[in-house]
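The values are calculated or read from the model by the stated rules, or taken from the named source; none is laboratory data. As the structure is a prediction and not an experimental result, all values here were calculated from the model. With ideal geometry, Cβ positions are generated from the backbone for all residues, glycine too; neighbour counts draw on all protein chains shown.
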Amino acid sequence: VIDGESLRVDGARLWRRIEEMAEIGATERGGCNRQALTDGDRQGRDLFVSWARQLGCDVTVDRIGNLIARRSGTDDGLPPVLMGSHLDTQPTGGRFDGVYGVLAGLEIIEVLNRAAVDTRHSIELAVWTNEEGARFSPAMLGSGVWTGTFALDAVLQAADRDGVTVRTALDAIGYAGPVAASAHPLRAAFELHIEQGPILERAGLQIGVVTGVQGIRWYDLGLTGTPAHAGPTPMDLRQDPFQALSLVLPEIYGLATSRPPWGRATVGNVVAVPGVRNTIPERVDISVDLRHPDEATLDVMEAELRAVVGRAEKATGVTATLTENFRSDAVRFSDACVSSIRTAADHLGVITAELVSGAGHDSVHLARIAPTGMIFIPCRGGISHNELESAEPADVTLGADILLGAVLDQADVVGSSSS
Ligand SMILES: [Zn+2]
């Protein structure tokens with residue numbers, strides 16, 4: 001009797017599917033341009049649907065174009081275990097971001113079919129619409145609608161640069177489906193993805209167990225002083241926004257460097273007005289991006305940022321305004337899913353790293369409605385959102401084996417009908 005623990009994916013077959021999918025929207029430098037709801041996306045979806053149907057899955061299409069392939073379990077009343085990711089890419093994207101998680105899911109279904117393994121819970125494989133946000137905003141749109149984070153009618157009206165709406169583009173590629181775009185109960189949700197950062201490669205490890213996703217807060221800091229001549233104005237009689245900024249900047253970076261390894265602080269833009277060489281500026285505006293996996297810590301970082309700005313005002317006579325203009329709450333993945341992933345890795349004798357994702361993923365939305373977990377594999381040089389994005393075949397295979405183990409841990413193997 002096959003217990004599931006001896007099952008392994010066929011890495012060569014998975015790799016061939018990745019290569020075949022990469023031919024759709026292939027770019028000259030070896031990447032992919034298969035942006036959401038374009039004709040390339042249609043072709044990629046068509047290929048996925050044909051593969052899933054060949055494997056005996058039912059495939060449903062919902063109103064926002066999400067695809068869910070289903071391999072029935074022995075007890076249809078139980079909530080399914082869901083795998084999933086996305087097939088859309090950046091305009092100059094790679095072959096692995098999103099695609100890997102989807103095609104590894106197909107490979108797992110094929111392995112289970114060939115071994116005739118039955119699970120009590122059904123297994124589902126989702127392809128979420130417009131994860132990248134390259135053509136339509138917001139990113140992670142399909143999973144966001146499915147989990148109730150975004151309203152369907154609002155996102156159907158979102159338009160690309162040419163004024164084409166999501167509704168029109170979905171109709172044009174034939175993927176405005178009949179099924180309601182709303183979540184059903186899930187036993188667990190897993191997403192397998194390339195890391196899109198350098199940590200695993202640097203540590204020489206093949207598997208990252210993702211425990212959560214960084215919270216993000218964006219601020220605009222405006223510093224207003226008194227414009228004056230660079231020559232005649234004595235240093236102690238200035239209200240100089242750049243002098244204030246010089247006090248603030250080291251402390252902003254300190255907010256992150258004092259909280260290793262996950263604290264992040266980035267000043268991505270500076271605008272000075274009037275921005276002239278021999279005039280003390282009237283105003284300097286900067287953007288501040290703070291990240292941490294723990295919301296309470298982010299609250300403290302924000303409080304410290306406000307205190308830092310207040311001290312700079314006092315020291316320089318400059319007036320400051322600090323406004324938050326965006327936030328994405330930190331996500332902590334389910335202990336049960338993290339444990340299933342760890343168990344699968346232990347079973348294969350694989351040493352794992354515990355990671356927090358710095359990028360957003362569909363799993364951020366899924367985690368609001370279901371126990372959710374993510375697995376990372378390294379990508380070469382940590383490079384992603386780039387045509388040169390690349391991953392080692394051995395890592396690709398191992399990641400899929402860990403996903404297989406985690407899914408079976410949650411889906412309850414009842415045995416093999418052929419044995
Ligand atoms: Zn992705």
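Of all positions in segment 350-358, at least one carries a residue that is surrounded by fewer than 21 Cβ atoms within 10 Å (Cβ to Cβ), within 16 Å of the ligand (Cβ to nearest atom) and not in a strand (DSSP E or B). Among the numbered conditions (1) within 14 Å of residue 189 (Cβ to Cβ); (2) in contact (Cβ under 8 Å) with a residue 60 or more places away in the chain; (3) under 22 Å from the mean Cα position of the chain (by Cα), tell me where residue 102 comes up short. All conditions are met except number (2). If only residues of segment 376-396 that are part of a helix (DSSP H, G or I) and on the phi > 0 side of the Ramachandran plot are counted, the one that is surrounded by the most Cβ atoms within 10 Å (Cβ to Cβ) is 382.
Of the residues screened, residue 64 is one that is more than 16 Å from the ligand (Cβ to nearest atom), more than 21 Å from residue 399 (Cα to Cα) and either buried (at least 24 other Cβ atoms within 10 Å of the Cβ) or in contact (Cβ under 8 Å) with a residue 60 or more places away in the chain (or both). Consider segment 254-269 and keep the residues that are modelled with pLDDT of 95 or more and loosely packed, with under 14 Cβ neighbours inside 10 Å. The one that is farthest from the chain's Cα centre (by Cα) is 258.
Residue 279 meets all of the listed conditions (1) without any contact (Cβ under 8 Å) to a residue 60 or more places away in the chain; (2) buried (at least 17 other Cβ atoms within 10 Å of the Cβ); (3) hydroxyl-bearing (Ser, Thr, Tyr) but one, namely (2).
Selection of segment 211-244 for residues being over 30 Å from residue 352 (Cα atoms) and either assigned to a helix (DSSP H, G or I) or among the hydrophobic types (A, V, I, L, M, F, W, C) (or both) yields 218, 221, 223, 228, 230, 235, 236, 237, 241, 242, 243, 244.
No other residue among 193, 184 is within 16 Å of the ligand (Cβ to nearest atom) and either surrounded by fewer than 21 Cβ atoms within 10 Å (Cβ to Cβ) or not in a helix (DSSP H, G or I) (or both) apart from 193.
Scan segment 138-151 and tell me whether some residue there is among the aromatic types (Phe, Trp, Tyr), in contact with a helix residue (DSSP H, G or I) (Cβ under 8 Å, 6 or more places away or on another chain) and in contact (Cβ under 8 Å) with a residue 40 or more places away in the chain. Yes, the conditions are met somewhere in segment 138-151.
Checking 363, 340 one by one, the residue that is at pLDDT 95 or above, part of a helix (DSSP H, G or I), within 16 Å of the ligand (Cβ to nearest atom) and buried (at least 17 other Cβ atoms within 10 Å of the Cβ) is 363 and no other. Residues that are crowded, with 18+ Cβ neighbours inside 10 Å, within 22 Å of residue 292 (Cα to Cα) and either away from the ligand (no atom under 16 Å from the Cβ) or without any contact (Cβ under 8 Å) to a residue 60 or more places away in the chain (or both) within segment 202-215 comprise 207, 209, 211, 212, 215, listed in sequence order. Taken as a whole, segment 139-150 holds no residue that is part of a strand (DSSP E or B), surrounded by fewer than 19 Cβ atoms within 10 Å (Cβ to Cβ) and among the β-branched types (Val, Ile, Thr). Residues that are among the charged types (D, E, K, R) and not in a helix (DSSP H, G or I) were ranked within segment 320-337; the one that is farthest from residue 138 (Cα to Cα) is 332.
Kindly check whether there is at least one residue in segment 152-164 that is β-branched (Val, Ile, Thr) and within 16 Å of the ligand (Cβ to nearest atom). Scanning segment 152-164 turns up no residue that is β-branched (Val, Ile, Thr) and within 16 Å of the ligand (Cβ to nearest atom).
Here residue 247 meets the list (1) crowded, with 21+ Cβ neighbours inside 10 Å; (2) of a type in the set (A, V, I, L, M); (3) in a helix (DSSP H, G or I) almost entirely, failing just condition (1). Of the residues making up segment 84-128, just one is among the polar types (S, T, N, Q), more than 13 Å from the ligand (Cβ to nearest atom) and either in contact with a Pro (Cβ under 8 Å, 6 or more places away or on another chain) or closer than 21 Å to residue 174 by Cα (or both), namely 122.
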